Amino acid sequence: LACCIPLISIGSASIVISQATVLLTTVVLMNVIFGIVIMFANVPLTAYLVQSIPQNAQGRVFSAISGITQVFSPLGILIYTGLLNVIPASRLLIIAGTLMLMATILLWITIGRSQNQQVIHKINELNI
C-alpha cells in the first residue's frame, strides 16, 4: 500500500501538470513521502522477522531476502525500460500503482482469511 499511492500520484500529476518545475517539485515531494512511508513500514517488518524467525536461521533468511532483492532490482529496471518504450511514463506509473494496490488488497484478504480460519480451528479444538 505504501508503494501504490506515490506511483499513482506521480503518474496522475505528470498528466495534469504541464510545467516542468512544478512536476519536478511534485515528484521530489512524493519521493520524500514515499521514503518516509517505506521507513515506517520496514522497521516493524524487520522487528517482526527478527522475533518470529529462530536465531540460528536468521542469517540464512535475511541473506535470502537480500539476494532476492538484488536479483529483482535490475530485472525491474529491464522490464520498466522495455515498457517505457511502449507506454508513456505517466500511464505506466498509474498502471503499476493500480496493479500493486490490487495485489495488496488481494494479499490482505487472503492473509485475513487464513488467519480467521486458524482462529476458528483453535476455537473448535477448545470446544471438543
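Some values worked out for this structure:
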{"item": "Selection from segment 50-78 of residues that are within 17 Å of the chain's Cα centre (by Cα) and open to solvent by 70 Å² or more (accessible area, probe 1.4 Å)", "result": "I65, I68, T69, Q70, V71, F72, P74, L75, I77"}
{"item": "Count of residues meeting criterion [open to solvent by less than 70 Å² (accessible area, probe 1.4 Å) and among the β-branched types (V, I, T)] in segment 22-49", "result": "6"}
{"item": "Residue check, V86 at pLDDT below 85 and open to solvent by 70 Å² or more (accessible area, probe 1.4 Å)", "result": "no"}
{"item": "Selection status of L93, under 30 Å from V27 (Cβ atoms), assigned to a helix (DSSP H, G or I) and modelled with pLDDT under 90", "result": "yes"}
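The values are calculated or read from the model by the stated rules, or taken from the named source; none is laboratory data. Computed from a predicted model, the values in this text were never measured in an experiment. Using ideal geometry, Cβ is built from the backbone for each residue, glycine included, and neighbour counts are taken over all protein chains shown. What goes into the accessible areas is simple: the full protein's heavy atoms, side chains included, and nothing from ligands, DNA or RNA. Shrake-Rupley method; radii C 1.70, N 1.55, O 1.52, S 1.80 Å.
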